[in-house]
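J.: To start, I am sharing the structure in question, which I have written as structure tokens.
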Amino acid sequence: MPEELNFWQKIEEISRRTFSIYNYQEIRAPIIEEAGLFNRSLGEFTEIVQKQMFLIQNKEDLYALRPEGTAGVVRAYIENSLDKKMGFSKFYYIGPMFRLERPQKGRLRQFHHIGSEVIGSCEPCVDVELISLADNLLKSFSISDYKILVNSLGCVNDKLELIKMLQEALKDKLEMLCEDCNVRFKNNILRILDCKNESCQKVIHTLNLHEKYLCSECRAHFASVKHGLNALKIDYEVSQYLVRGLDYYTRTVFEIKHDKLGAQDAIGAGGRYDNLVKQLGGPDVGAMGFAFGIERLLLLHRLESGALGPGLVYLISLGDEAKKFGMQLLDKLRKAGIGSDTDYENKTLKGAMRQANDRGARFVVIIGDNELKKNIVILKDMASGEQKEIKQEELISGLSIG
Ligand code: HAM
């Protein structure tokens, strides 16, 4: 909606500027992909692939509206031989994603990501840069009071080890888990860890995972990531239960949460996917990324006002002659680059003032027949309430300075 777009555009503008400062390049991958791409990368048994894909079937092929951005970026990277042309690469993207979920506050069927993908390195400095970039973006959006949760899932073998540990620990507690978790126990056991059901949470909190499943290399990698985050004074918490819902993740995963969002409390999330590039037919290189949900950022920002922007000038002209002159004055203001608007409904002074106020005008300019004769206008500062007469020819310079 128009009133939300001020902040939306601000978010995009700040993101582009910030990504450019970090030397990330924009990439625009297609919205429609072959459906199999998502089965292969997100995982056959993930919720997204099982239940949430918008599918388009034509005679021979099955396509999907992308549910997320990572798989498409990796496909484009491989298909365009960017590994050979660019090698190590840092990308960002802004665009719509689609998931056939039950809509609720903060959960939509079409939503938008601001995301980034760094392809070509397993070094922990990439993890540190991405988490600190996500943190800096939120700070520049003036969002505060969020929590950054970090964990390491380890390499593929460690993940198998974690799965084994969970099977062992949970096999006698199945009746205490919800129906969904009983299904997850068979085909997607890691997701039990982020089930929100209270009785499942109780069982989960008895598990003592604490990096026990990590091999020495992955443990050292995670230690370097934590060290790097500490060195940059990033406020984060290690959460041993953070797993993420997509199969491609390995090693570092993170999620950023905000209490004010209610049930859908993740503003953004990401992690490493060191095997995905190879799995999709590319070189054996590490990679990592994250994505923010723009609509959730908007929900957090809704309290901010200023519908038409702080600089708006609202012109009220009363009487036929003043109205003719008013159109010329409005034209001059706009040509001078001053955001301005007027009443198009022949309102009374009181009605027009109310509208100026509703539109968030910073200044109101009033002209009636009297002012026309004297070559002046009345200028009202809406913030201070102060009102003064100024010469017509001094209006633009006065507003520009103000
Ligand atoms: P994700 O956690 O599925 O990760 O989505 C990232 C963010 O998108 C979420 O934290 C949330 O803010 C927002 N989001 C997800 N689903 C919805 C929805 N239905 N309605 C509104 N907002 C939503 C990914 O998609 C990964 N591709 C992130 C990533 C990039 N990992 C590595 N690189």
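Each reported figure results from applying straightforward, stated rules to the coordinates on display, with no laboratory input. Being a predicted model, the structure only gives us computed values, none of them experimental. Positions of Cβ are generated from backbone atoms using ideal geometry, with glycine treated the same way; all protein chains shown enter the neighbour counts.
J.: Compute the helix-to-body angle for 349-358: its Cα long axis versus the longest principal axis of the chain, expressed 0 to 90° and rounded to tens.
T.: 20 degrees
J.: Also: Which lysines, on any chain, are close to LYS51 with Cα under 23 Å apart, when same-chain ones fewer than 8 places away are left out?
T.: In chain and number order, the partners are LYS59, LYS105, LYS186, LYS196.
J.: What angle, in degrees between 0 and 90 and rounded to the nearest 10, separates the Cα long axis of helix 156-170 from the longest principal axis of the Cα atoms of the chain?
T.: Value to nearest ten degrees: 80.
J.: All other residues with a Cβ under 10 Å from the Cβ of CYS178 taken together, and with Lys, Arg as +1 and Asp, Glu as -1, what is their net charge?
T.: -1
J.: As a test, work out the antiparallel percent of DSSP beta bridges whose residues both lie in the chain, rounded to the nearest 5.
T.: Of all bridge pairs located within the chain, approximately 80 percent are antiparallel.
J.: Please report the antiparallel percentage of DSSP beta bridges with both residues in the range 312-398, rounded to the nearest 5.
T.: Taking every DSSP beta bridge within the range 312-398, about 55 percent pair in antiparallel fashion.
J.: Please state the shape class of the chain: rounded when a/c is under 1.5, otherwise prolate if a/b exceeds b/c and oblate if not, all from the C-alpha gyration tensor.
T.: Details: a/c = 2.51, a/b = 2.35, b/c = 1.07.
Cα axes put the chain in the prolate bin.
J.: Using a ≥ b ≥ c from the Cα gyration tensor of the range 312-398 (square roots of the eigenvalues), is it rounded, prolate or oblate, where a/c under 1.5 gives rounded and otherwise the larger of a/b and b/c decides, a/b for prolate?
T.: rounded
J.: Could you state the angle between the C-alpha long axis of helix 70-79 and the longest principal axis of the C-alpha atoms of the chain, as a value from 0 to 90 degrees rounded to the nearest 10?
T.: Here the helix axis deviates by roughly 80 degrees.
J.: Using DSSP to define loop residues, name the trypsin sites (Lys or Arg not before Pro) in the range 1-96 whose beta-carbon has at most 10 other beta-carbon atoms within 10 Å.
T.: LYS59
J.: Cut-off under 17 Å on the C-alpha distance; same-chain residues fewer than 8 positions from LYS374 excluded. Which aspartates and glutamates are left, in chain and number order?
T.: By straight Cα distance, LYS374 reaches ASP320, GLU321, GLU389, GLU393, GLU394.
J.: Give the range of the longest stretch in the chain that excludes all GluC sites (Glu not before Pro) found in loop regions by DSSP and having at most 16 other beta-carbon atoms within 10 Å. Walk me through the numbers on the way to the answer.
T.: Values: sites that count: GLU44, GLU60, GLU101, GLU211, GLU304, GLU345, GLU386.
Longest run free of exposed loop sites: 102-210.
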